[in-house]
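Heads up, the thing below is written out as structure tokens.
The values are calculated or read from the model by the stated rules, or taken from the named source; none is laboratory data. Here the structure is a predicted model, which means the values were calculated and not measured. All Cβ positions, even for glycine, are placed from backbone atoms using ideal geometry, and neighbour counts span all protein chains on display.
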């Protein structure tokens, strides 16, 4: 009788085979009707990756509820932080009803034009970072194949980063493990970078303003 791990390994192999078949159908036929199966196969693969990671008690990525969708092509995330606060600013995805494929809209953070922006405040932030890798080398990330997906708000479960920081802090004479029970590892994959943050929670504000104006608001929040 197979073990739990072997069971989920088998399910993962089946999911990979299903996605491979769907990918071939999209690339060879591409009539449009193949895409629903491809999308479903992709989602199922992520589920199987997460199930296997859970059975092995490994870290993995899972999708979280998030009120906005960021722009895929040019989200231009900016990170502002001090010792206790972290704010992430980025462009929200918007649909141009007049777009016909003949032109490209250039996103300029120096523009004074009002646009849809999201401001995310991470509460009780312990650490945060923004940088490499980008979406072209996303498959090289250590968590790829463990529920990781691009352009999606994720939480890393069984986070090694959290374990590392807790271990460092454990040498303090007043260390209390209970102080870390609400700590979470957030992971946002953008076009040119990845944002990661260790914090208890977050709250999101939507703004219709210029990038420059919202940056000023963030700076004011940091010095309060």
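Quick notes
- The stretch 173-214 - residue that is assigned to a helix (DSSP H, G or I) and in contact with a strand residue (DSSP E or B) (Cβ under 7 Å, 6 or more places away or on another chain) and, of those, nearest to residue 124 (Cα to Cα): 214
- Looking across 130, 117, 143, one residue alone is surrounded by 17 or more Cβ atoms within 10 Å (Cβ to Cβ) and outside any strand (DSSP E or B). It is 143.
- Test: residue in the stretch 11-33 that is modelled with pLDDT of 95 or more and touching a strand residue (DSSP E or B) at 6+ places or on another chain (Cβ under 8 Å): no
- Counting residues in the stretch 161-172 that are surrounded by 12 or more Cβ atoms within 10 Å (Cβ to Cβ), modelled with pLDDT of 95 or more, in contact with a strand residue (DSSP E or B) (Cβ under 6 Å, 6 or more places away or on another chain) and within 17 Å of residue 92 (Cα to Cα) gives zero.
- Selection over the stretch 7-57 of residues that are assigned to a loop (DSSP other than H, G, I, E, B) and surrounded by 14 or more Cβ atoms within 10 Å (Cβ to Cβ) gives a count of 1.
- Hey, residue 151 assigned to a loop (DSSP other than H, G, I, E, B), within 16 Å of residue 68 (Cβ to Cβ) and outside the structural domain of residue 8 (by TED's automatic domain parsing) or not: yes
- The stretch 132-154 - residue that is over 13 Å from the mean Cα position of the chain (by Cα) and without any contact (Cβ under 8 Å) to a residue 12 or more places away in the chain and, of those, farthest from residue 75 (Cα to Cα): 142
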